[in-house]
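The structure appears right after this line, and notes come after that.
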Amino acid sequence: MAVVMVNVEVAPNIFRLKAAGSYTGRMGQFYMVRAWDKYPLLSRPLSIFNRDGGGIEFLYQLAGEGTKLLSALRPGDELQLEGPFGNGFPEVPAEEKVALVGGGIGAAPLFYALGEYSAADVYLGFSREAYLVQQFEAATTGNVIVDVGGIVLKQVDFNAYDTIIACGPEPMLQAVQRRKQESASAAKVYVSLENRMACGIGACLVCSVKCRDQRRKACADGPVFLAEEVVFE
Ligand SMILES: Cc1cc2nc3c(=O)[nH]c(=O)nc-3n(C[C@H](O)[C@H](O)[C@H](O)COP(=O)(O)OP(=O)(O)OC[C@H]3O[C@@H](n4cnc5c(N)ncnc54)[C@H](O)[C@@H]3O)c2cc1C
Ligand code: FES
């Protein structure tokens, strides 16, 4: 059982939760989180937003019943964390140019990635209100480009990078796939999928993803896939 240290609303309906303890996990991996007994039935997947000697942090958006229960947690309350799960973001040689593209709460796993991609350019797109921009600026020696209400992807030059990693709503990830094709970019382009999940460990098939060769599991084979592999339905 983990214990909540901090759970604060950093923007309307966006919460930052820190749980005390020693946790492992690479950039792009996630934990299955629950702070309830029987209802809702399933734990909820949340990406690692940050991690240090004192604990692990998640950044989450109020979406429904599960995240509503999480948002009511106070310091000292208990929650269950299982993980880390998933394959995470790729390792990239230090000299390569990396772009991280986040749509809304999809920015959460990208922040932790800056520990390794310290010079990455970060593109953040928000529908209504930007959040945590200063934290991103402080965490990278690259540029942080923010768009509110538009399409941040328009600002990404797909030929200016060796690796591009995107996380956000599915239409944005589909657009990333299209841009990679249209620009004939040689970059390795990855998308981190946020499919619904039940077990988180590859046992139930709830998170099935159609890929060009076969169906894969977002929880165990992903959530990070090469953009060209995924068949968006
Ligand atoms: C690998 C992974 C990492 C994730 N990381 C984060 C994160 O760091 N921060 C964060 O806020 N969210 C993250 N999510 C999404 C998060 O898991 C869902 O928002 C959460 O499960 C919703 O639970 P709920 O009970 O509050 O909402 P529900 O009552 O289950 O659903 C409320 C609404 O949200 C939609 N929804 C539910 N789950 C998802 C989902 N997985 N993807 C898209 N829409 C969904 C439902 O269709 C419904 O419309 C991640 C998902 C995955 C698969
Ligand atoms: S969530 Fe069960 S197989 Fe992926």
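For the reader, a short list of remarks on this structure follows.
- The angle between the Cα long axis of helix 170-183 and the longest principal axis of the Cα atoms of the chain comes to about 20 degrees, rounded to the nearest 10.
- Per-selection Rg to Rh, segment 4-112 - Cα, Kirkwood hydrodynamic radius: 0.98
- Rolling a 1.4 Å probe over the protein heavy atoms gives segment 28-179 an accessible area of 45 Å² per residue.
- Here segment 76-233 is treated with +1 on each Lys and Arg Cβ and -1 on each Asp and Glu Cβ, and its dipole about the Cα centre works out to around 560 debye.
- Rotationally averaged projected area of the chain (alpha carbon convex hull; nm²): 12.2
- Listed residues F30, F232 arranged by accessible area, highest first, probe 1.4 Å: F232, F30
- Per-residue ellipticity at 222 nm, computed for the chain from helices alone with -39500 (n - 2.57) per DSSP H run of at least four residues, works out to -4000 deg cm²/dmol.
- Here the accessible area of the chain is 49 percent carbon and sulfur, with a 1.4 angstrom probe and all protein chains present.
- Centroid-to-centroid, using Cα positions, segment 204-233 and segment 154-180 are 17 Å apart.
- With 5 Å bins from 0: P(r) over segment 105-225, alpha-carbon pairs, percent: 2, 10, 19, 22, 20, 14, 9, 3, 0
- Spatially proximal lysines relative to K210 (Cα-Cα < 27 Å; intrachain offsets below 8 disregarded): K154, K180, K188
The values are calculated or read from the model by the stated rules, or taken from the named source; none is laboratory data. Not measured: the values here are computed from a predicted model. FYI the Cβ positions are ideal-geometry reconstructions off the backbone, even for glycines, and counts take in every protein chain you see. Remember, those area values only see protein heavy atoms, side chains included, never the ligands or the DNA or RNA. Shrake-Rupley method; radii C 1.70, N 1.55, O 1.52, S 1.80 Å.
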